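First comes the structure, then the notes that go with it.
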Amino acid sequence: MGKSCGECGMCCKLLAIQALDKPAGAWCGHFKRAAGCGVYADRPPACRGFICLWLDSEKLDDAWRPDRAKFLMYTEKDGQRLNVIVDPAQPGAWKREPYYRRIKAMSQRAVEGYELVVCIGDRRIVVFPHEDVDLGLVNPEHKLVSGYAQKNGTMVPYAMILSDVAPQAS
Ligand code: SF4
Ligand code: SF4
């Protein structure tokens, strides 16, 4: 049986919606508890098209519903990047179990170029199987790159912000 959002609504808090001038991490003014979106028929395309990973995955049980987990996840870059968007009111939510162990397991694919990025407001943490690289506060429009580099004969994870790359026009 397919999942439904129920009373979740976390994307209406955690995501920035440009069309509404809604910043990330603040509840949308159209969201009403228990009733959901107050402008459902006319909601912007960004809202209409968004499906979080919990909703889309049969492998994530109810504990992962974003209003319970206090973070939502979605993929981009053709599935090569997983964003974990954490409720700034509960910044440590992703480190709790059963979440953290599973997130680390998902990061195993980093060796294939997969990128797993935890976003807490403007803070970015890139998760690797044996290390979490905390980049601190970043300009979200600047490009984040990560992967593995050879160092003294071993593969070492890295993550950095290319701050000299001009922000993309919106
Ligand atoms: S975060 Fe996911 S489950 Fe929650 S309302 Fe948005 S799409 Fe639905
Ligand atoms: S317009 Fe509706 S769907 Fe979009 S963020 Fe606001 S409450 Fe959520």
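The values are calculated or read from the model by the stated rules, or taken from the named source; none is laboratory data. Since we're looking at a predicted model, the values are computed, not measured. Ideal geometry is used to build each Cβ from the backbone, glycine not excepted, and the neighbour counts take in all protein chains shown.
Side notes on the structure shown:
- Count of residues meeting criterion [touching a strand residue (DSSP E or B) at 6+ places or on another chain (Cβ under 8 Å), under 18 Å from Ser57 (Cα atoms) and not aromatic (Phe, Trp, Tyr)] in segment 84-108: 6
- Selection within segment 12-29 - in contact with a strand residue (DSSP E or B) (Cβ under 6 Å, 6 or more places away or on another chain) and within 8 Å of ligand 2 (Cβ to nearest atom): Cys12, Cys28
- Test: residue in segment 146-169 that is modelled with pLDDT of 95 or more and part of a helix (DSSP H, G or I): no
- The set of residues from segment 43-69 being more than 10 Å from ligand 1 (Cβ to nearest atom), in contact (Cβ under 8 Å) with a residue 24 or more places away in the chain and not in a helix (DSSP H, G or I) comprises just one member, Pro44.
- Any hit, segment 35-49, residues being of a type in the set (D, E, K, R), in contact with a Cys (Cβ under 7 Å, 6 or more places away or on another chain) and within 15 Å of ligand 2 (Cβ to nearest atom): yes
- Within segment 74-92, the residues that satisfy the criterion of being crowded, with 18+ Cβ neighbours inside 10 Å and under 18 Å from Glu131 (Cα atoms) are Leu82, Asn83, Val84.
- Residue match in segment 17-31 (condition: in contact (Cβ under 8 Å) with a residue 40 or more places away in the chain, within 17 Å of the chain's Cα centre (by Cα), surrounded by 15 or more Cβ atoms within 10 Å (Cβ to Cβ) and under 18 Å from Arg123 (Cβ atoms)): yes
- Filter result (within 14 Å of ligand 1 (Cβ to nearest atom) and either within 10 Å of Leu55 (Cβ to Cβ) or part of a loop (DSSP other than H, G, I, E, B) (or both)) within segment 1-15: Gly2, Lys3, Ser4, Cys5, Gly6, Glu7, Cys8, Gly9, Met10, Cys11, Leu15
- Qualifying residue in segment 17-39 (condition: in a helix (DSSP H, G or I) and within 14 Å of ligand 1 (Cβ to nearest atom)): no
- Note on segment 1-37: residues that are acidic (Asp, Glu) and within 19 Å of Arg68 (Cα to Cα) total 1.
- Flag for Asp67 being under 16 Å from Lys13 (Cα atoms), within 16 Å of ligand 2 (Cβ to nearest atom), surrounded by fewer than 19 Cβ atoms within 10 Å (Cβ to Cβ) and of a type in the set (D, E, K, R): yes
- Close Cβ contacts (under 8 Å, 6 or more residues apart or on different chains) running from residues in segment 92-116 that are without any contact (Cβ under 8 Å) to a residue 24 or more places away in the chain to residues that are surrounded by fewer than 14 Cβ atoms within 10 Å (Cβ to Cβ) and assigned to a loop (DSSP other than H, G, I, E, B) are absent.
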